[in-house]
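For reference, the structure discussed in these notes is given below.
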Amino acid sequence: MQDNSVDNPAQLDLFDDGSGSLSSVTDIGRAARGTASRSGALRDLPEFRVVRSTRRKRSIQAFRTNGIIEIHMPAKISRRQENELIPEMIAMVLEREARARKGDEVLLHMSAELLGSLLPEFSERPSSVTWRPMRERWGSCTTLDRTIRISQRLNNAPEYALKYVLFHELIHLRIAGHDDNFYELLERYPDKERAEAFLEGYEAGIAGTPDEISLNIGI
């Protein structure tokens with residue numbers, strides 16, 4: 001569905017009608033995968049949920065929260081319009097995420113900075129530092145071949161949290177386990193408590209206010 005009032009995703013936030021707070025949720029859409037009531041095309045999309053609100057009049061908003069793309073829209077919108085708008089909003093969220101996504105070279109650069117500033121006595125250097133789809137762990141390091149992997153969930157995390165996880169794995173280049181020597185080195189990280197608080201909040205689904213995609217619709 002094309003909306004002539006929106007030229008590009010960078011302008012979308014200008015169309016927020018200010019009704020983001022929800023006093024009445026009239027319908028919670030189901031996740032796309034495995035939902036028989038959704039069309040085949042929608043079932044092929046990344047996992048999402050739809051939230052309808054009587055407070056929302058003309059705008060719809062989409063953002064990712066705790067791994068799921070959440071789409072907020074007016075309660076009075078028709079099911080046909082909903083099915084047309086869902087792929088459009090998801091595509092804009094994915095496009096924004098792709099523009100913001102960091103590459104492996106960013107991790108290598110951060111590693112060099114951390115080793116130079118916080119672990120100057122280390123002669124060990126990672127043979128590779130790469131993003132990997134990891135849902136159970138933030139990162140991992142194989143001491144034997146000096147490879148480091150960082151969870152893709154952290155790609156858009158604050159830099160201080162990402163660097164903390166990376167610093168943790170860099171220490172494993174020399175120390176395989178989590179002994180007293182490991183934790184003594186980990187204490188060198190200046191934002192350790194702040195980063196740990198963020199990671200705990202992320203796991204609980206309260207990592208902060210997500211970035212939103214907003215779109216004004218005529219209904």
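The values are calculated or read from the model by the stated rules, or taken from the named source; none is laboratory data. No experiment lies behind these values; they were computed from the predicted model shown. Here Cβ is always computed from backbone atoms with ideal geometry, including for glycine, and neighbour counts include all displayed protein chains.
A few points about this structure:
- Applying the criterion of being within 21 Å of Ala195 (Cβ to Cβ) and of a type in the set (S, T, N, Q) to the residues of segment 109-130, the residue that is modelled with the lowest pLDDT is Thr130.
Listed here are the residues, each with its yes/no results for (1) of a type in the set (Gly, Ala, Ser); (2) modelled with pLDDT of 95 or more; (3) in contact with a helix residue (DSSP H, G or I) (Cβ under 9 Å, 6 or more places away or on another chain).
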site: Arg132; (1), (2), (3): no, no, yes
site: Glu136; (1), (2), (3): no, no, no
site: Thr147; (1), (2), (3): no, yes, no
site: Leu173; (1), (2), (3): no, yes, yes
site: Pro190; (1), (2), (3): no, yes, yes
site: Glu200; (1), (2), (3): no, no, no
site: Glu203; (1), (2), (3): no, no, no
site: Thr209; (1), (2), (3): no, no, no
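- Lone qualifier among Glu82, Glu95, Glu105 - being surrounded by fewer than 12 Cβ atoms within 10 Å (Cβ to Cβ) and part of a helix (DSSP H, G or I): Glu105
- Segment 105-155: number of residues that are among the acidic types (Asp, Glu) and touching a Leu at 6+ places or on another chain (Cβ under 6 Å): 1
- Only one entry in Leu45, Leu22, Leu14 is at pLDDT below 80 and not in a helix (DSSP H, G or I), namely Leu22.
- Per-region count, segment 126-150, residues assigned to a loop (DSSP other than H, G, I, E, B) and under 13 Å from Leu107 (Cα atoms): 2
- Test: Thr147 is surrounded by 12 or more Cβ atoms within 10 Å (Cβ to Cβ), more than 22 Å from Ala98 (Cβ to Cβ) and out of contact with any strand residue (DSSP E or B) (no Cβ under 8 Å at 6 or more places or on another chain): no
- Number of residues in segment 43-61 that are closer than 18 Å to Arg153 by Cα and crowded, with 18+ Cβ neighbours inside 10 Å equals 1.
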